[in-house]
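Input: a single structure, listed below in structure tokens.
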Amino acid sequence: MSPSANPAPTTGRTNTAFDRLGRMAACTLLAFAVALAAPTLPAAEKLFDFGSLNVDLSKVQAKPGATPDQAGTPSGTAVKEAPAQQLPSTPESPAPAVLPRDGQESIGATVKTQAITVKPVEVSAAKAGQQQVNYPVPEDRQVIEVKIAAGSEKKDWFEEAARRFMADPSLNSIDGKPIRLTIDKIGSTESATLLAGGKTMHGGRNEYQVWAPASSIFRGVVEDAFTGGKLFETDDSVARSPMVFVTWEPVQQAIDQKLQKSMSFDTLTEIFSRELGGDKIDPNGRNFQFGFTRPQDSNSGAVALITMAYEFFAKDRAYYKIRLDDLKNPDFQAYLAFMKYLSDQTKDSTGKLAEPLMQAGYGGQPLSSVYVYENLGVKLAFIRKANDPAGAKPVIRYPKYNLISDHPYYTLRHGNSQAQVEAARRFKDFLLTRDIQLLALQKEGFRPVSTQISNQEMNDVLGGDFVTENGLVPDLIKASQILIPAQSGEVIMALIRTYQGLGDPVGPNF
């Protein structure tokens, strides 16, 4: 197959047209961001403010026991009380279909069929220097600073919550000193590396008081770099978002018909292998293009690697711990090189990966499918319906093997004062209140963790036609066939380094 017939995007390669499109999409998305950041209505707000495309939250966002005026609901509307605990799943919540060929794994067979080889990369555990936990430091400033290192997917939600927190006189000061919250958008992999390397300390003080990555997969990496005391004061989860494949409907329908397999990296491997043999999946006749973020920068990219490794080594076993020796497997390294070569990884954050799809739609940008957080898939579907109701829909599919991003909120003791730790803990409690949890669902599509929000309310907000049209599964338990267990932070970092070090694969079709 000639290069012109099968262009393969690779990390580090320049794609001028794609870059131009990305800049155009970024400008357009800025307008959306401004709209989303605008002052919000009290409590009767809608799910995403895209003109007439709304889901009414007036019956579910009211504070328990509030009067109609306090809740912002129309006069005479009954206020819905929060349940004491999470309600059971509703019968209407569908589970993804198990397709006929789901039990047929082909990753290893593809590596052998394509005769893929790659120059081996040395695998070794990193030796992290030990830092002594330093807590507390004196609080000698007039303002209690709380800077939060947050994944980009939570920045808008956190910033709106911080604005409300700092405007509340019952919360915004300690011993007469005002609390100032700052949200720093930084990738989860990058922030973990900086914290573990001691690069956030300046003059005996920590630059960050809170670490809020997209998932807890890097917790061990950071904790292992410290000794001499407790590092985290809090480690609560503030939201949930499973990973999903989002694929344009014509392409997804072709995958379902031709492959008869649930979406997974194994399925992508077979798609790429078929295309290398001349079998086009996309009904438009163009190449199948898949995108995920750079693992060294973004949590979702790191999760993609973990999932690839788990699929390769675990198959249908219920539990498997990936080992350092596994990463030395030449067939596995060849497989990673294969996926790296044939996937687009020009983006360092999941939001940037989804932006062009939100704005340009099917055919207006090169990607056929992306691996993103569920909340971005929800936003993408709503935006496309608002912009182009008659156009191709993005379809959400839950991976056969899934890892749920639990969005932890770690209050850091190291290099911080008692007042900073208390202020950070106070903001965490605020994020878990009913109103702010509903804000996360309403503005960003996150699944709340609060037991004051029932599964039925989730269905009320994100259910109905949206479920059947776009593939959303409100019941998190039903969303995937196999959940990936926690893996060693040491192995995860070695996996990322191995992936970074791989060159292009060698084979008859490359």
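The values are calculated or read from the model by the stated rules, or taken from the named source; none is laboratory data. A quick note: this is a predicted structure, and the numbers were derived from the prediction, not measured. Glycine gets a Cβ as well: all are built from the backbone with ideal geometry, and neighbour counts include every protein chain shown.
Quick notes on this structure:
- Restricting region 391-407 to residues that are buried (at least 23 other Cβ atoms within 10 Å of the Cβ) and within 30 Å of Gln132 (Cα to Cα), the residue that is modelled with the highest pLDDT is His407.
To keep it simple, each residue is scored yes or no on (1) of a type in the set (S, T, N, Q); (2) within 19 Å of Ser215 (Cα to Cα).
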site: Asp388; (1), (2): no, no
site: Ala392; (1), (2): no, no
site: Ile396; (1), (2): no, no
site: Tyr409; (1), (2): no, yes
site: Lys443; (1), (2): no, no
site: Ser480; (1), (2): yes, yes
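- Applying the criterion of being modelled with pLDDT of 75 or more and surrounded by 17 or more Cβ atoms within 10 Å (Cβ to Cβ) to the residues of region 462-473, the residue that is farthest from Val449 (Cα to Cα) is Asn470.
- Residue count for region 174-185 under the criterion of being over 24 Å from the mean Cα position of the chain (by Cα) and touching a residue at least 12 places away in the same chain (Cβ under 8 Å): the result is 6.
- Taking the criterion of being closer than 22 Å to Ala214 by Cα, at pLDDT below 95 and among the acidic types (Asp, Glu), the residues of region 137-163 that qualify are Glu153, Asp156.
- Residues that are surrounded by fewer than 23 Cβ atoms within 10 Å (Cβ to Cβ), at pLDDT 95 or above and of a type outside the set (Lys, Arg), drawn from region 428-455: Asp429, Phe430, Leu432, Thr433, Ile436
- Matching residues in region 96-136 - criterion: being of a type in the set (S, T, N, Q), modelled with pLDDT of 90 or more and under 30 Å from the mean Cα position of the chain (by Cα): Gln131
- Filtered residues of region 413-437 (kept if under 23 Å from Glu223 (Cβ atoms) and touching a Leu at 6+ places or on another chain (Cβ under 7 Å)): Arg413, His414, Phe427
- Qualifying residue in region 129-150 (condition: of a type outside the set (Val, Ile, Thr) and crowded, with 22+ Cβ neighbours inside 10 Å): yes
- Here region 365-390 is the region considered, the condition is being without any contact (Cβ under 8 Å) to a residue 60 or more places away in the chain and surrounded by fewer than 22 Cβ atoms within 10 Å (Cβ to Cβ), and the residue that is farthest from the chain's Cα centre (by Cα) is Ala390.
- Residue identified as of a type in the set (A, V, I, L, M) and at pLDDT 95 or above among Ala196, Ala225, Ala212: Ala212
- Verdict on Phe382 being assigned by TED's automatic domain parsing to the domain that holds Leu181, of a type outside the set (A, V, I, L, M) and within 30 Å of Met308 (Cβ to Cβ): no
- Residues (within 20 Å of Gln142 (Cα to Cα) and in contact with a Ser or Thr (Cβ under 7 Å, 6 or more places away or on another chain)) located in region 173-197: Ile179
- Test: residue in region 164-171 that is modelled with pLDDT of 95 or more, in contact with a Leu (Cβ under 7 Å, 6 or more places away or on another chain) and in a loop (DSSP other than H, G, I, E, B): no
- Total residues in region 481-503, condition part of a loop (DSSP other than H, G, I, E, B), touching a Lys or Arg at 6+ places or on another chain (Cβ under 9 Å), more than 18 Å from Pro330 (Cβ to Cβ) and not small (Gly, Ala, Ser): 3
- Inclusion of Phe265 among residues that are surrounded by fewer than 23 Cβ atoms within 10 Å (Cβ to Cβ), under 26 Å from Lys393 (Cα atoms) and in the same structural domain as Ala392 (by TED's automatic domain parsing) is not warranted.
- Test: residue in region 186-209 that is free of Cβ contacts under 8 Å to residues at least 60 places away in the same chain, over 19 Å from Leu439 (Cβ atoms), in a helix (DSSP H, G or I) and touching a strand residue (DSSP E or B) at 6+ places or on another chain (Cβ under 6 Å): yes
- For Val238, the conditions (1) closer than 14 Å to Pro408 by Cα; (2) out of contact with any Leu (no Cβ under 7 Å at 6 or more places or on another chain) are fulfilled apart from (2).
- Matching entry among Phe288, Phe332, Phe245, Phe292 (being among the hydrophobic types (A, V, I, L, M, F, W, C) and over 24 Å from Arg384 (Cβ atoms)): Phe332
- Enumerated helices (runs of 4 or more DSSP H) restricted to region 313-419, each holding at least 1 residues that are in contact with a Lys or Arg (Cβ under 7 Å, 6 or more places away or on another chain) and not β-branched (Val, Ile, Thr): 350-360, 374-387
- Residues satisfying the stated conditions in region 205-242, i.e. out of contact with any helix residue (DSSP H, G or I) (no Cβ under 6 Å at 6 or more places or on another chain), over 21 Å from Ser152 (Cα atoms) and among the charged types (D, E, K, R): Arg205, Glu223, Asp224, Lys230
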